[in-house]
1. Under 9 Å between Cβ atoms, at least 6 apart or on separate chains: pull out the pairs that start in the stretch 1-30 with a residue that is closer than 14 Å to Lys75 by Cβ and modelled with pLDDT of 95 or more and end on any residue that is of a type in the set (Asp, Glu) and assigned to a strand (DSSP E or B).
2. Here is a check on your reading of the model: is Tyr37 open to solvent by 50 Å² or more (accessible area, probe 1.4 Å) and part of a strand (DSSP E or B)?
3. I'm trying to understand the selection: among the residues of the stretch 50-64, which are free of Cβ contacts under 8 Å to residues at least 12 places away in the same chain and assigned to a loop (DSSP other than H, G, I, E, B)?
4. Within the stretch 13-33, how many residues turn out to be crowded, with 20+ Cβ neighbours inside 10 Å and over 15 Å from Gln113 (Cα atoms)?
5. Do we have Leu47 as touching a Phe, Trp or Tyr at 6+ places or on another chain (Cβ under 8 Å), among the aliphatic types (A, V, I, L, M) and either within 15 Å of Tyr94 (Cβ to Cβ) or open to solvent by 50 Å² or more (accessible area, probe 1.4 Å) (or both) here?
Amino acid sequence: QVQLVESGGGLVQAGGSLRLSCAASGSIFSINAMGWYRQAPGSQRELVATIARVGTTMYADSVKGRFTISRDNAKNTVYLQMNSLKPEDTAVYYCNAGAVVSRFSPSRAYWGQGTQVTVSS
């Protein structure tokens, strides 16, 4: 019912920047919190950043001061600007959104397919 499509991943040298985008589409009544998670090989998926509908943000300590999350509610899109990238930022990055498909439906969590970010040293 709700699809999330990420874009913007790729290969970058340490110290470089990338901007990820995630667009939600489908039968959407409203979207609450949106966020980015990442999973490195052999590791569990971890929270990177979240943003509430009203714009309140939260970041993992490891990315504070380097990453910025933002959203465009009119476009149902969330962004992640990643600066000063480090090799340890290498992971598959997943978009997450809490979406409601109708006025009487509960909010459900939806996930994108993931986009690879590789930071070379």
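1. Ser21/Glu6; Cys22/Glu6; Ala23/Glu6
2. Considered against the rule, which asks whether it is open to solvent by 50 Å² or more (accessible area, probe 1.4 Å) and part of a strand (DSSP E or B), Tyr37 comes out as yes.
3. Val54, Thr56, Lys64
4. Looking only at that region, the number is 2.
5. Details: touching a Phe, Trp or Tyr at 6+ places or on another chain (Cβ under 8 Å): yes; among the aliphatic types (A, V, I, L, M): yes; either within 15 Å of Tyr94 (Cβ to Cβ) or open to solvent by 50 Å² or more (accessible area, probe 1.4 Å) (or both): yes.
Yes; evaluated as a whole, the condition is true for this residue.
The values are calculated or read from the model by the stated rules, or taken from the named source; none is laboratory data. Bear in mind that the values here come from a model prediction, so they are computed numbers and not experimental data. Positions of Cβ are backbone-derived with ideal geometry, glycine not excepted, and every protein chain shown enters the neighbour counts. When the accessible area is computed, the model is the full protein with side chains, heavy atoms only, and any ligands, DNA or RNA have been set aside. Shrake-Rupley method; radii C 1.70, N 1.55, O 1.52, S 1.80 Å.
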